[in-house]
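Everything below concerns the one structure shown next.
The values are calculated or read from the model by the stated rules, or taken from the named source; none is laboratory data. Please read all numbers here as calculations on a predicted model, not as lab measurements. Glycine gets a Cβ as well: all are built from the backbone with ideal geometry, and neighbour counts include every protein chain shown. Heavy atoms of the whole protein, side chains included, go into the accessibility calculation; ligands, DNA and RNA do not. Shrake-Rupley method; radii C 1.70, N 1.55, O 1.52, S 1.80 Å.
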Amino acid sequence: MSFISDVILRGVTGAFVTNSGVGKIGMPAEYSAGVQQAAASGIPALAKLPSDKFGTWLGYAETAIGASLLAPFVPNKVAGAALTAFSGGLLSMYFRNPENTEADGIRPSQEGMALSKDVFMLAIGLSLLTKGKN
């Protein structure tokens with residue numbers, strides 16, 4: 001049963017993340033700058049990277065994370081750690097922008113709904129990270 005759950009967790013998530021990453025590679029500079037600005041709201045150090053290349057670099061990173069999930073020879077702990085770190089960065093954008101949440105600071109507002117869904121990737125990453133063998 002563990003093999004089937006691994007295939008489901010890793011395959012679906014890996015395909016989604018890989019597709020998202022491939023779509024960012026070669027991103028036009030003006031879009032790249034916007035993506036960087038959003039990312040830097042969660043992780044301020046990202047503002048120091050060249051804005052015209054940021055989208056492409058993010059695309060390569062996402063593609064690598066997705067590929068690690070899809071590659072059966074990559075251990076669950078390694079793929080899970082990569083996905084956990086990536087989704088944690090996405091959720092930092094969610095929690096550091098008050099317009100993304102309702103007044104309680106947790107529940108998503110309409111503006112934060114897209115980012116709030118990244119909590120599922122965090123859960124999958126943590127699940128893979130904490131699984132036993134493989």
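Points worth noting:
- Residue within segment 93-104 that is touching a residue at least 12 places away in the same chain (Cβ under 8 Å), within 17 Å of Asn19 (Cβ to Cβ), touching a helix residue (DSSP H, G or I) at 6+ places or on another chain (Cβ under 9 Å) and of a type outside the set (A, V, I, L, M, F, W, C) present: no
- Of the criteria (1) more than 15 Å from Asp6 (Cβ to Cβ); (2) touching a helix residue (DSSP H, G or I) at 6+ places or on another chain (Cβ under 8 Å), which one Lys48 fails: (2)
- Among the numbered conditions (1) in a loop (DSSP other than H, G, I, E, B); (2) within 30 Å of Ile4 (Cα to Cα); (3) open to solvent by less than 50 Å² (accessible area, probe 1.4 Å), the only one that Pro72 does not meet is (3).
- Residue pairs meeting the criteria (Cβ under 6 Å; at least 6 apart or on separate chains; first at negative phi, in segment 20-41; second hydrophobic (A, V, I, L, M, F, W, C) and open to solvent by 50 Å² or more (accessible area, probe 1.4 Å)): Ala40/Ala47
- Between Ala82, Ala45, the distinction of being at pLDDT below 95 and farther than 16 Å from Leu115 by Cβ belongs to Ala45 only.
- Breaking point among (1) buried (at least 16 other Cβ atoms within 10 Å of the Cβ); (2) in a helix (DSSP H, G or I), for Asp52: (1)
- Checking Leu58 against (1) aliphatic (A, V, I, L, M); (2) surrounded by fewer than 20 Cβ atoms within 10 Å (Cβ to Cβ); (3) farther than 17 Å from Ser127 by Cβ, the condition it does not meet: (2)
- Single unsatisfied condition, Val78 versus (1) assigned to a helix (DSSP H, G or I); (2) in contact with an Asp or Glu (Cβ under 9 Å, 6 or more places away or on another chain); (3) open to solvent by 40 Å² or more (accessible area, probe 1.4 Å): (2)
Residues checked against (1) assigned to a helix (DSSP H, G or I); (2) open to solvent by less than 80 Å² (accessible area, probe 1.4 Å):
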| position | (1), (2) |
| --- | --- |
| Tyr94 | yes, yes |
| Glu99 | yes, no |
| Ala103 | no, no |
| Ile106 | no, no |
| Gln110 | no, no |
| Phe120 | yes, no |
| Gly125 | yes, yes |
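- Note on segment 1-26: among residues that are in contact with a Ser or Thr (Cβ under 6 Å, 6 or more places away or on another chain) and among the hydrophobic types (A, V, I, L, M, F, W, C), the one that is nearest to Phe73 (Cα to Cα) is Val22.
- Segment 8-21, subset of a type in the set (Val, Ile, Thr) and open to solvent by 80 Å² or more (accessible area, probe 1.4 Å), residue modelled with the highest pLDDT: Val12
- Residue in segment 89-112 that is of a type in the set (D, E, K, R) and under 19 Å from Phe3 (Cα atoms) present: no
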